[in-house]
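Novice: Below is the structure I would like to discuss, written out as structure tokens.
No value in this document is a laboratory result; all are computed from the given coordinates. Bear in mind the structure is a predicted one, so any value in this text is a computation, not a measurement. Neighbour counts run over all protein chains shown; Cβ positions are idealised from the backbone, glycine included.
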Amino acid sequence: MISPGDDLLLIGAGLLARAVGTAGGITSLISYPALLAAGLSPLRANVTNIASVVACWPGSAVASRPELAGKGPWLRRWSFVTIADGLVGSALLLFTPPGVFTDVVPYLLLVAAVGLLLQPRLSSWRERRVSRESRLRLPCGVFAVSMYNGYFGAGAGVMLLAL
């Protein structure tokens, strides 16, 4: 049961998460730990968190319209890949024992935090190294990040921006 103190914690975390919601997945790095602090199990906190941040996606898409202008065919092609891989990650979440999720959460949070920290450097490195030989890097990266997003999600937006 969530106490009145937990209510205040979750309201505060929700307001902070909302303020950073367009920054590509950072929302979950605030809201997920707040749900854990309020006493939810890691698996329940994950499902609650992902369901709640879905509301950020339309606003992020609308805010990104200038950057996405003329990229319709590219977006359609990659949206099918990300949806399929996200479903694979979701299936892993649903069909593995809850204890497995609890054990890997600290590592997933570490991956998300490191991705956030290194995102500018990774983007810069990628821009310098793009070549024909790296054609498989983007599909493999999108596959991995989309599956991660379906399983956990925190920081996935930042990881996709780095790709």
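Novice: Going highest first, how would you order 142-149, 114-121 by mean Cβ packing within 10 Å? Spell out each step's value before the answer.
Specialist: On the way: 142-149: 20.1, 114-121: 15.6.
My ranking of the peptides, most packed first, is 142-149, 114-121.
Novice: Can you tell me which of 92-100, 42-50, 72-80 comes out highest on packing, and rank the rest after it, using the mean Cβ neighbours within 10 Å? Can you show the working numbers first?
Specialist: Working: 92-100: 12.1, 42-50: 18.9, 72-80: 10.1.
Descending packing order for the listed peptides: 42-50, 92-100, 72-80.
Novice: A further question follows. Assuming R0 = 45 Å, can you tell me the calculated FRET efficiency for the pair residue 74 and residue 104, based on Cβ-Cβ distance, to the nearest 0.05? Can you show the working numbers first?
Specialist: Details: r = 32 Å, r/R0 = 0.71.
It comes out at approximately 0.90.
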